[in-house]
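A.B. asks: Quick one: this structure, given as structure tokens, is what I'll be asking you about.
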Amino acid sequence: MWGRRRGVNLADSPEMDVFFERLERLNRVQMLGLKAAWHAMTPQVHEEAWEAVRAVGRRDGLTREIERVRARALDWSRRGSDMVSYQMNDETTTLQIKMDASEAIVDAALAVALGTRLDLATRETLLGPWVRASEAVD
């Protein structure tokens, strides 16, 4: 079948819109915390979580949708930002901070998009850094 699986649009769901809206409200310190929390996990933990994501993609025929979510998260990380500045208002620095946190942003976006399709442990692994960084953001 060509194109997107009928009825499934993970990248453009209301849940994803809320996620990206909340992401826009993170300040620099929170974004740096997101990156640090992601890097605090071992590579094995990351690989196990990603294998679970790939398994869901294969099982549910969502591999292309997962790629769309990943692409949307990376696009957000690579463009200018409305991110709340913490100290300086330097767009290049803000963009670099976002790009540095892109792995954590992709993980969180996938956890939000796949929701209960993921087992609880995988979901917590992917969302953990996001939850810690965004706790202060309503």
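A.B. asks: Just to verify a result, which residue in the range 34-72, among those that are of a type in the set (A, V, I, L, M, F, W, C) and part of a loop (DSSP other than H, G, I, E, B), is surrounded by the fewest Cβ atoms within 10 Å (Cβ to Cβ)?
C.D. replies: Going through the qualifying residues, I end up with ALA40.
A.B. asks: Quick one: in the range 105-138, which of the residues that are more than 18 Å from GLU48 (Cβ to Cβ) and assigned to a loop (DSSP other than H, G, I, E, B) is modelled with the highest pLDDT?
C.D. replies: Looking at the filtered set, the residue picked out is GLU135.
A.B. asks: Could you check how many residues of the range 103-120 are surrounded by fewer than 20 Cβ atoms within 10 Å (Cβ to Cβ) and either under 12 Å from the mean Cα position of the chain (by Cα) or without any contact (Cβ under 8 Å) to a residue 24 or more places away in the chain (or both)?
C.D. replies: 3
A.B. asks: What tally of residues in the range 1-26 results from selecting those that are among the aromatic types (Phe, Trp, Tyr), farther than 11 Å from ARG72 by Cβ and modelled with pLDDT of 90 or more? Before you say what the answer is, go through the steps one by one.
C.D. replies: First, pick out the residues of the range 1-26 that are among the aromatic types (Phe, Trp, Tyr): 2, 19-20.
Restricting the remaining residues to those that are farther than 11 Å from ARG72 by Cβ gives 2.
Checking which are modelled with pLDDT of 90 or more leaves us with none.
Number satisfying all stated conditions: 0.
A.B. asks: Taking the range 4-33 as the search range and keeping residues that are out of contact with any Phe, Trp or Tyr (no Cβ under 7 Å at 6 or more places or on another chain) and polar (S, T, N, Q), which one is surrounded by the most Cβ atoms within 10 Å (Cβ to Cβ)?
C.D. replies: Checked the range 4-33; the qualifying residue surrounded by the most Cβ atoms within 10 Å (Cβ to Cβ) is GLN30.
The values are calculated or read from the model by the stated rules, or taken from the named source; none is laboratory data. Since we're looking at a predicted model, the values are computed, not measured. Backbone-built Cβ (ideal geometry, glycine too); neighbour counts: all protein chains shown.
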